[in-house]
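Let me begin by presenting the structure, written as structure tokens, before commenting on it.
The values are calculated or read from the model by the stated rules, or taken from the named source; none is laboratory data. All values reported here derive from a predicted model rather than from experimental measurement. With ideal geometry, Cβ positions are generated from the backbone for all residues, glycine too; neighbour counts draw on all protein chains shown.
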Ligand code: OSB
Ligand code: MG
């Protein structure tokens, strides 16, 4: 296939409720979407970076510039035989993997549509049902947090992840455990701690957490390797895993026992498949992380989550937890058992509501 044209657009989409982590609060998503054209077919990708460079170095504006000036021009006019070659076209670009993944994931969608099969089948997915958890942002009070957890459990979600940060950790997790002694519970620090906090991190062992996600620096595996043997709780790495090479090194050092895979963070499906396979062969569980995606990114996550190694519930939850109205039809729904059935239609298997996209668009560019 030869990519002929890439349409970029940025949409603004307010969240139904602010989402707070140790690095900041998000109230409205600024999302870049790519529509890739080839031989009468199209494919959709969503850029998963945050509005500002706080989760990692990428931001909506930096990703726009990388996409428009580098990733899109490097892709247009090139002949590739398979979507697994798409990443190579932009591999000159250092970092900026979320920007690069926007096009890579769109090309996977396009190829699945060309073959008239669901993307998850093209990727080699085998799960007829994916298991869902929720990520709950920092709340103003423990009472509010307990109430949110209760609502999500009633909706059927199989795992509750809560965000922590210094001053909102031990006592808060204790209150949650007191109220919900048996639930599948995890915490995510988004790099809010250092090895100086080791006593606090050890105390979290009391709460039988499935894992503690990214306690230390976003770019670290050495200190995590120092920390892991001192904890009973498994460490799950998120921010510091950008590739299968990072995965190999982190596991070799013993920096964690669980891997969160985010499509954007690892540059797309091809690298995600490599990480999944590497972990599966070594019995390291993986799960699909979320970046508050709109429907296209959410559908991409569903497709990836059907790979066999995704044994733990992911942060892939219902559209209505984020948006009053999503940009895809139908919206993503979760069963009362906390599962999503992958769609049967070709490609992403959801229809993009282009009329709604037009209404939400703040800028648009076509690269030929
Ligand atoms: O660390 O997993 C994270 C959102 C933005 C940036 C980082 C993270 C998150 C989430 C939200 O936890 C997951 C979701 O519901 O999409
Ligand atoms: Mg995380």
Which of the residues spanning the stretch 228-270 are away from ligand 2 (no atom under 16 Å from the Cβ) and surrounded by 24 or more Cβ atoms within 10 Å (Cβ to Cβ)? 267, 268, 269
Does at least one position in the stretch 275-288 carry a residue that is surrounded by 18 or more Cβ atoms within 10 Å (Cβ to Cβ), in contact (Cβ under 8 Å) with a residue 60 or more places away in the chain and away from ligand 2 (no atom under 16 Å from the Cβ)? no
Residue, surrounded by the most Cβ atoms within 10 Å (Cβ to Cβ), within the stretch 16-37, restricted to residues that are out of contact with any strand residue (DSSP E or B) (no Cβ under 6 Å at 6 or more places or on another chain) and assigned to a strand (DSSP E or B): 20
Being free of Cβ contacts under 8 Å to residues at least 24 places away in the same chain and surrounded by fewer than 21 Cβ atoms within 10 Å (Cβ to Cβ) narrows it down to one residue among 217, 154; which is it? 154
Could you check, for the stretch 299-314, whether at least one of its residues is modelled with pLDDT of 95 or more, farther than 16 Å from residue 124 by Cα, part of a loop (DSSP other than H, G, I, E, B) and touching a helix residue (DSSP H, G or I) at 6+ places or on another chain (Cβ under 9 Å)? no
Restricting attention to the stretch 194-208, does a residue exist that is within 14 Å of ligand 1 (Cβ to nearest atom), within 21 Å of residue 159 (Cα to Cα) and crowded, with 16+ Cβ neighbours inside 10 Å? no
Do we have residue 59 as without any contact (Cβ under 8 Å) to a residue 12 or more places away in the chain and either away from ligand 1 (no atom under 16 Å from the Cβ) or more than 21 Å from residue 2 (Cβ to Cβ) (or both) here? yes
Residues of the stretch 205-226 being outside any loop (DSSP other than H, G, I, E, B) and within 16 Å of ligand 2 (Cβ to nearest atom), which ones? 212, 213, 224
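Conditions tested, residue by residue: (1) surrounded by 24 or more Cβ atoms within 10 Å (Cβ to Cβ); (2) farther than 14 Å from residue 264 by Cα.
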| site | (1), (2) |
| --- | --- |
| 39 | no, yes |
| 47 | yes, no |
| 54 | no, yes |
| 60 | no, no |
| 76 | no, yes |
| 83 | yes, yes |
| 101 | yes, no |
Just checking, does the stretch 120-130 include any residue being closer than 30 Å to residue 153 by Cα and either touching a strand residue (DSSP E or B) at 6+ places or on another chain (Cβ under 6 Å) or part of a strand (DSSP E or B) (or both)? yes
